[in-house]
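A short worksheet on the structure shown next.
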Amino acid sequence: MKLSDLTSQAGEWLRGSGPMSEVVISSRIRLARNISGFPFLARCSKHQRQSLEKKISETILEARLSPKTLYVDLDAAPEVDRQLLVERHLISKPHKDAQGARGVAVGENETLSIMVNEEDHLRIQVLRSGLQLEEAWEQINAVDDRLESTLDFAFHPRFGYLTACPTNVGTGIRVSVMLHLPALKLTGEIEKVFRAAKDLRLAVRGLYGEGTEATGDFYQISNQTTLGRGEDEIISDFKHQVIPKIIEYEHNARKMLTAERALALDDKVHRALGTLRSARLMSSEETLTLLSHVRLGVNLKRVEDIDINKVNELFLLTQQAHLQKILGKKLEGDARRAARADFIRQRLSA
Amino acid sequence: MKCEKCNRQATIHLTEIHAGKKMEKHLCEQCAAESQVSPIKQHTPINELLTNFVLQHSGMAKEAGATTVCPECGISWTEFRQNGLLGCEHDYAFFDKDLTPLLQRAHEGGTHHLGKVPARRGASSVPMKRQVDMNRLRKELNRAVEAEDYERAAKIRDQIREAEGSE
């Protein structure tokens with residue numbers, strides 16, 4: 001498998017096929033692991049960093065975690081490829097911008113990615129569409145078991161899995177659910193979500209995780225506690241308490257919009273669609289905002305002639321690296337905005 | 001006021017007392033730096049000042065491990081507090097005392113791992129599971145004794161004996 005094979009369509013997580021996908025975009029679980037006997041990355045010499053990358057990438061490829069596993073050497077990869085991986089949520093922004101020996105392994109329809117030499121030696125991630133936390137846990141747990149049979153993970157009976165940052169120590173788990181909450185945003189009730197999350201000691205972030213804005217009404221909710229609570233407990237809280245509550249808030253807001261503010265809602269949705277179908281210059285931010293309104297309209301059946309998958313795909317394919325890969329050229333400024341507008345018009349008219 | 005040596009604005013005003021005689025000097029930054037009379041060289045950059053201020057007021061400077069260094073990776077407690085990342089796996093045990101309150105704050109009071117345990121540790125093949133179970137049993141035993149639940153304590157003690165016997 002080559003990196004360019006990824007560009008033409010969305011990954012499994014954006015197919016919009018999973019349970020509760022009208023609100024839940026994706027479920028993600030990641031595990032932080034380090035190899036015993038090597039310092040954490042901040043204290044690694046150049047040589048140690050290189051041997052870690054070699055050892056881990058070889059282990060991953062030999063473990064045959066999926067029928068086709070792609071390993072990308074990020075130190076050698078061009079900027080646009082690294083950006084593409086960020087847009088597909090396969091690597092983090094810091095991993096894209098870092099220096100030195102590092103990489104990522106991608107497998108199983110992009111549901112699995114393993115970052116090598118990020119903040120920890122390994123960051124294993126499973127990303128699935130809709131609310132599929134238990135399935136994601138099952139998958140990542142099996143991958144972790146496989147790797148553990150060859151790699152000696154740093155573990156302490158009291159502290160659990162040892163991580164570079166003490167905020168991840170213990171299970172090393174981060175469970176995140178990406179939610180699309182346009183109605184709560186429109187009704188101005190999004191604060192409810194922040195409050196509910198805060199009460200349960202959860203973090204709310206934007207589309208690309210730590211330090212990113214909540215563009216396109218996408219919100220990522222994730223756990224912060226990793227020590228003293230088991231994986232099952234954390235996942236079960238998400239599945240049974242946190243997420244159903246937020247989904248209910250969003251559903252209520254959607255119901256209220258259709259019942260009491262239908263005209264304003266239709267105006268918003270069709271105005272967005274009109275702009276997307278006729279604009280000649282489009283920034284990525286405006287695209288996300290407008291697509292968010294169209295997605296809401298399609299989910300509420302206020303728009304009949306557009307398939308939800310097409311909208312979901314546009315969220316990804318209109319981002320800068322994807323656009324440049326699809327069109328096969330480097331684009332900047334107005335040329336990029338014009339190409340984006342053209343691409344959207346084409347897709348929405350077909 | 002003008003600088004004594006050139007015509008620029010004087011920004012450094014020094015009062016020196018030599019043998020009971022008071023002398024005043026008014027210089028611009030450049031002349032002051034050239035004549036090396038100025039305290040400019042000792043100026044502390046604002047970020048360093050702030051760091052020191054924060055360190056003093058957070059009580060960090062007083063923490064026991066502030067000057068000790070992990071023998072494995074060479075990181076000091078202060079260094080860790082500045083960038084938030086530890087240097088190696090041994091730091092957890094080494095800085096245990098200072099780290100524990102931090103962990104409690106970050107993890108809703110959690111200080112002990114609960115959850116997945118590696119079935120074995122790759123190359124070393126140490127059966128980790130048993131070790132962790134023993135730790136947990138001993139802790140439970142302590143708790144039962146503290147709660148004066150001797151019936152439960154006896155049961156746990158038997159479990160520990162059994163586990164030890166099978167090793």
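Restricting to segment A:156-187, name every residue that is of a type in the set (Gly, Ala, Ser) and under 21 Å from A:Gln224 (Cα atoms). Break it down into steps so the answer makes sense when it comes.
To start, the set of residues in segment A:156-187 that are of a type in the set (Gly, Ala, Ser) comprises A:160, A:164, A:170, A:172, A:176, A:183.
Correct list: A:Gly160, A:Ala164, A:Gly170, A:Gly172, A:Ser176.
Table: residues versus (1) at pLDDT 80 or above; (2) in contact with a strand residue (DSSP E or B) (Cβ under 8 Å, 6 or more places away or on another chain); (3) assigned to a loop (DSSP other than H, G, I, E, B).
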site: A:Ser8; (1), (2), (3): no, no, yes
site: A:Met20; (1), (2), (3): yes, no, yes
site: A:Ile29; (1), (2), (3): yes, yes, no
site: A:Phe38; (1), (2), (3): yes, no, yes
site: A:Gln48; (1), (2), (3): yes, no, no
site: A:Lys54; (1), (2), (3): yes, no, no
Just a yes or no: is a residue in segment A:180-188 under 20 Å from A:Ile91 (Cα atoms), more than 13 Å from chain B (Cβ to nearest Cβ) and at pLDDT below 95? no
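Answer yes or no: is there a residue in segment A:100-113 that is under 21 Å from A:Ser66 (Cα atoms), more than 16 Å from the chain's Cα centre (by Cα) and either small (Gly, Ala, Ser) or within 14 Å of chain B (Cβ to nearest Cβ) (or both).
Yes.
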Just to be sure, is B:Asp96 more than 7 Å from chain A (Cβ to nearest Cβ), within 26 Å of A:Ile234 (Cα to Cα), surrounded by fewer than 17 Cβ atoms within 10 Å (Cβ to Cβ) and modelled with pLDDT of 80 or more? yes
Segment A:60-97 - residue that is part of a loop (DSSP other than H, G, I, E, B), hydrophobic (A, V, I, L, M, F, W, C) and out of contact with any strand residue (DSSP E or B) (no Cβ under 6 Å at 6 or more places or on another chain) and, of those, surrounded by the most Cβ atoms within 10 Å (Cβ to Cβ): A:Ala77
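Quick check on my filter: what residues within segment A:168-179 are within 30 Å of A:Pro67 (Cβ to Cβ) and either surrounded by fewer than 19 Cβ atoms within 10 Å (Cβ to Cβ) or more than 7 Å from chain B (Cβ to nearest Cβ) (or both)? If you could, list the steps in order and put the result at the bottom.
Residues of segment A:168-179 within 30 Å of A:Pro67 (Cβ to Cβ): A:171-178.
Selection gives A:Gly172, A:Ile173, A:Arg174, A:Val175, A:Ser176, A:Val177, A:Met178.
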Just wondering, is there one or more residues in segment A:154-167 that are surrounded by 24 or more Cβ atoms within 10 Å (Cβ to Cβ), on the phi > 0 side of the Ramachandran plot and either more than 11 Å from chain B (Cβ to nearest Cβ) or of a type outside the set (D, E, K, R) (or both)? yes
Spot the failing condition for A:Arg43; the list is (1) without any contact (Cβ under 8 Å) to a residue 24 or more places away in the chain; (2) basic (Lys, Arg); (3) more than 14 Å from chain B (Cβ to nearest Cβ), and only one is missed. (3)
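The values are calculated or read from the model by the stated rules, or taken from the named source; none is laboratory data. Owing to the predicted nature of the structure, the values given are computational and were not obtained by experimental measurement. Please note: Cβ atoms are built from the backbone with ideal geometry, for glycine as well, and neighbour counts cover all protein chains shown.
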